[in-house]
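Readers should treat all values here as calculations from the given coordinates under stated rules, not as data from a laboratory. Bear in mind the structure is a predicted one, so any value in this text is a computation, not a measurement. Neighbour counts run over all protein chains shown; Cβ positions are idealised from the backbone, glycine included.
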Amino acid sequence: MGRKRYTPEQIIRLLHQSEVLSSEGRNLSEICREIGVTVNTYYRWRKEYGGMQVSYNKSFVSLNLLILVVFRLPEQPIPKYSES
């Protein structure tokens, strides 16, 4: 079975959902089972995306793209970015 890939926006929404479930008094194993990830994945996501909101992520991606364009080598093509 193949792995499911989540976009950063989906990850941030799942982390927010896990916070809501945690405030309802559920333990971590129940939360991870409900959102469909392992405990290790949850901790990795929380470390990387913990305090972000979806709008922060979009500006973060735009900033990284800007840095790539400004500091690229002359022979490298300009990377494409499509906002979905």
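If you take all other residues with their beta carbon under 14 Å from the beta carbon of N40, and give Lys and Arg +1 and Asp and Glu -1, the sum is +4. The modelled label-to-label distance for the pair Y6/E48, using points 7 Å beyond Cα in the direction of Cβ, is 1.0 nm.
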